[in-house]
Amino acid sequence: MGIRLKVFATLAAVLASPLAMACGDSLYRVGQNVSYRAYTAPLPGNVLVYGHSESAQQLAAALADAGHGVRVVDNQVELSNVLARGEYDVVIAPYDDRAAVEVSNTTSKVDFLPVALNRSEAEIAQRDYARVMVADRHEIKHYLRAIHESLKRSGT
């Protein structure tokens, strides 16, 4: 019986020690640097997304979740009609569609944020535009930052 008591006491001491209590800590350390932050727009604006793709829809949804007023249009006639009303602060569209945006943009108030397909197209776009997004590189936080800078410049 003395041996059982010694084994039980030793087992209890091991389980109660700080080393045994630390075993679960590694579970929490794994996710220590992972960010689950929802991005919000500190200065919400009205954003028009021009595009035909699923990625344009996803971008619009993410911008709306961040607090912007967002509308998606997918043809030039609708783009022209919406821009003529002057309700939007920023237009996001593929760089290839810049001619459609520029022809439709009769007000100088709307800022155009082109989206290039890759880095080489972005380098070409940067000759004409101060800020160019790259579809395969930039995350939602980059779009939000570009929109915020545009809204601050325009005083919205």
*Cβ pairs under 9 Å, 6+ apart, first in region 125-139 and at pLDDT below 90, second among the charged types (D, E, K, R) and surrounded by fewer than 13 Cβ atoms within 10 Å (Cβ to Cβ)*: 136/119; 137/119
_Filter region 108-139 down to the residues that are in contact with a Phe, Trp or Tyr (Cβ under 9 Å, 6 or more places away or on another chain), among the hydrophobic types (A, V, I, L, M, F, W, C) and surrounded by fewer than 16 Cβ atoms within 10 Å (Cβ to Cβ) and list them by number._
117, 124
*Having 1 or more residues that are modelled with pLDDT of 90 or more and either under 30 Å from residue 137 (Cα atoms) or open to solvent by 90 Å² or more (accessible area, probe 1.4 Å) (or both) is the bar; report the helices (runs of 4 or more DSSP H) wholly within region 2-83 that clear it.*
54-66
*Those residues of region 68-88 which are among the acidic types (Asp, Glu) and either more than 27 Å from residue 127 (Cα to Cα) or touching a helix residue (DSSP H, G or I) at 6+ places or on another chain (Cβ under 6 Å) (or both), in sequence order*: 78, 87
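Any idea which residue in region 84-96 is modelled with the lowest pLDDT, counting only those that are closer than 26 Å to residue 141 by Cβ and surrounded by fewer than 18 Cβ atoms within 10 Å (Cβ to Cβ)?
Of the residues in region 84-96, the ones closer than 26 Å to residue 141 by Cβ are 87-96.
Remaining after also requiring surrounded by fewer than 18 Cβ atoms within 10 Å (Cβ to Cβ): 87, 96.
Details: 87: 89, 96: 92.
Among them, the one singled out is 87.
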*Which pairs have Cβ atoms under 8 Å, sit 6 or more apart or on different chains, and link a residue in region 78-105 that is more than 23 Å from residue 145 (Cα to Cα) to one that is charged (D, E, K, R) and outside any loop (DSSP other than H, G, I, E, B)?*
82/71
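Within region 140-149, count every residue that is in contact with a Phe, Trp or Tyr (Cβ under 9 Å, 6 or more places away or on another chain) and open to solvent by less than 70 Å² (accessible area, probe 1.4 Å). Please lay out each step first, then the result.
Residues of region 140-149 in contact with a Phe, Trp or Tyr (Cβ under 9 Å, 6 or more places away or on another chain): 140-141, 144.
Subsequent filtering for residues that are open to solvent by less than 70 Å² (accessible area, probe 1.4 Å) retains 140, 144.
Total satisfying the criteria: 2.
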*Output the residues belonging to region 84-115 that are farther than 23 Å from residue 152 by Cβ and assigned to a strand (DSSP E or B).*
94
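Would it be correct to say that residue 69 is at positive phi and in contact (Cβ under 8 Å) with a residue 24 or more places away in the chain?
Working: at positive phi: no; in contact (Cβ under 8 Å) with a residue 24 or more places away in the chain: yes.
Criteria not met by residue 69.
The values are calculated or read from the model by the stated rules, or taken from the named source; none is laboratory data. For clarity, every value in this text was computed on a predicted model and none was experimentally measured. Counting neighbours? That spans all protein chains shown, and the Cβs are built from the backbone with ideal geometry, glycine included. Heads up: the accessible areas ignore ligands, DNA and RNA and are worked out on the full protein's heavy atoms, side chains in. Shrake-Rupley method; radii C 1.70, N 1.55, O 1.52, S 1.80 Å.
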